[in-house]
1. Please enumerate the residues belonging to the stretch 238-264 that are surrounded by 19 or more Cβ atoms within 10 Å (Cβ to Cβ) and touching a Lys or Arg at 6+ places or on another chain (Cβ under 8 Å).
2. Name the residue, out of 109, 87, that is in contact with an Asp or Glu (Cβ under 8 Å, 6 or more places away or on another chain), within 27 Å of residue 240 (Cα to Cα) and either at pLDDT below 75 or not hydrophobic (A, V, I, L, M, F, W, C) (or both).
3. Given the criterion at pLDDT 80 or above and either within 30 Å of residue 318 (Cα to Cα) or assigned by TED's automatic domain parsing to the domain that holds residue 378 (or both), identify the matching residue among 41, 36, 12, 1.
4. Could you please find all residues in the stretch 98-125 being assigned to a helix (DSSP H, G or I) and in contact (Cβ under 8 Å) with a residue 40 or more places away in the chain?
5. Which of the numbered conditions does residue 336 fail, given that it passes all the others? Conditions: (1) touching a Lys or Arg at 6+ places or on another chain (Cβ under 7 Å); (2) under 30 Å from residue 46 (Cβ atoms).
6. Which pairs have Cβ atoms under 9 Å, sit 6 or more apart or on different chains, and link a residue in the stretch 375-398 that is assigned by TED's automatic domain parsing to the domain that holds residue 360 to one that is among the aromatic types (Phe, Trp, Tyr)?
7. So residue 163 ticks every box in (1) under 32 Å from the mean Cα position of the chain (by Cα); (2) in contact (Cβ under 8 Å) with a residue 12 or more places away in the chain but one. Which box is left unticked?
8. So the check is Cβ under 8 Å with 6+ separation or different chains; which pairs have a first residue in the stretch 168-182 that's within 22 Å of residue 140 (Cβ to Cβ) and aliphatic (A, V, I, L, M) and a second one that's in a helix (DSSP H, G or I) and at pLDDT 90 or above?
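The values are calculated or read from the model by the stated rules, or taken from the named source; none is laboratory data. Note that the structure is a prediction, hence the values are computed from the model and not measured. Glycine gets a Cβ as well: all are built from the backbone with ideal geometry, and neighbour counts include every protein chain shown.
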Amino acid sequence: MRIGVFKDVLQMSLDSIKSNKLRSFLTLLGIMIGVMTVIAMVSVVQGLNKSFLSELEAVGPDVIMVSKYEPGITVGHMSEEERQREDFTFEDVEAIRNECSLVKAVGVDLTVSLFEAISIKYRGTESSDTVILGANEDFPRVLSVYLPERGRFITEADMNHRTKVCVLGADLRETLFPHTDPLGKEIRIGAKRFTVVGEMEKRGSVFGQSRDNIAVIPLTTAMKHFPYDLSNIEIIAVPTKHEYYQEAKEQIINVLRRRRNVPVGKPNDFAIFGQDTMLDLYNQLTGAAYLVMIVISSIGLLVGGIGVMNIMLVTVKERTREIGIRKAIGARSSDIQNQFLIESIILTGVGGAVGLLIGFAIAFLVRVTTPLPASVTLWSVLLGLFVSISVGLFFGIFPAQKAAKVDPMVSLRYE
């Protein structure tokens with residue numbers, strides 16, 4: 001199509017759309033809803049992805065995690081073999097530390113506030129929903145995010161003597177000591193007095209859950225003074241060098257299989273995994289969200305596309321006489337077809353653009369009013385526009401062809 005002819009066809013398409021504003025709006029409504037859904041959901045999922053990946057990067061690529069059960073498993077889905085697994089012990093941790101030559105450090109932790117809310121107080125101020133974590137002295141060496149910003153962490157002497165000391169997360173420190181240096185102060189954890197010996201730097205939140213509302217105490221102290229469940233104990237190790245990751249993992253497996261009397265040929269009665277496993281588990285969860293997003297947006301786009309085709313067929317019927325006049329003065333069938341195709345594409349393109357703007361607004365509201373992160377990516381914008389224009393092209397072909405095949409002699413007599 002020549003440039004001049006294209007401009008004329010484009011102008012006629014725009015005039016037709018403007019002359020039927022309500023119909024045009026109702027036509028693009030389905031497209032708008034479909035694209036809006038895609039952008040809003042993609043923004044939230046992409047925000048969650050960024051947040052999760054940044055958390056993995058902060059932990060480090062060489063972490064080897066050992067637990068009683070596979071990550072993500074629930075009680076209702078456990079096999080009989082999994083129910084009968086033995087808990088880990090301190091002797092297991094010492095065995096890994098002493099017998100695995102390629103392991104640099106072994107950390108162990110146990111959350112003691114899972115099943116019972118334990119209050120933390122300083123004078124008249126109390127913190128709520130605080131995570132109380134029991135950990136050993138090597139914990140910051142395997143997870144550097146627990147390195148104290150001020151003061152110190154748990155020491156071997158604290159572990160051996162079950163001393164009542166604690167390290168505060170940034171949010172807990174701000175709650176209890178907004179205007180006071182916490183180091184050396186005594187707080188109450190439950191009914192026990194603990195001395196603050198360190199404070200950690202701010203880590204932020206993930207999935208709306210603060211990682212800074214936390215108190216870390218010696219693991220031996222936690223097990224002496226608070227209720228706990230050894231099935232929740234977690235062992236974390238790091239190799240001496242990145243190149244030795246797999247070999248260090250094999251050493252840990254061999255030590256634990258021997259200590260737990262696992263017969264040759266039988267699978268491990270414990271879970272050992274790294275970041276790749278956590279990433280796979282996360283992708284499975286977000287994969288379901290993407291599937292729901294595709295289904296919902298596809299329904300909206302299908303309804304919108306059918307609406308476009310229906311309205312365009314009505315438009316062809318209404319403008320039969322106009323088509324005949326245009327053909328009588330020299331317009332080719334391809335010009336008529338292109339005009340109706342352009343109208344369809346403009347309608348869905350405008351619907352897609354409006355849907356993008358509304359999707360951006362929803363993503364912004366989600367980010368500022370909820371704990372969920374949201375991040376708009378360029379590829380999602382381009383995808384939304386491409387899909388909306390493609391819908392217009394696909395569902396506009398049949399009406400456009402129908403308009404192009406109109407007999408000019410018949411159409412001139414049409415009322």
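1. Listed by number, the residues that qualify are 238, 239.
2. Working: 87 fails: in contact with an Asp or Glu (Cβ under 8 Å, 6 or more places away or on another chain).
Result of the check over 109, 87: 109.
3. Numbers: 41 fails: at pLDDT 80 or above; 12 fails: at pLDDT 80 or above; 1 fails: at pLDDT 80 or above.
Checking each option against the conditions leaves just 36.
4. Here is the first cut: in the stretch 98-125, the residues assigned to a helix (DSSP H, G or I) are 98-99.
Within the stretch 98-125, 99 is the sole residue that qualifies.
5. Against the list (1) touching a Lys or Arg at 6+ places or on another chain (Cβ under 7 Å); (2) under 30 Å from residue 46 (Cβ atoms), residue 336 comes up short only on (2).
6. Close Cβ pairs satisfying both conditions: 376/360; 376/364; 381/360; 396/340.
7. (1)
8. Every condition considered, the pairs that remain are 168/176.
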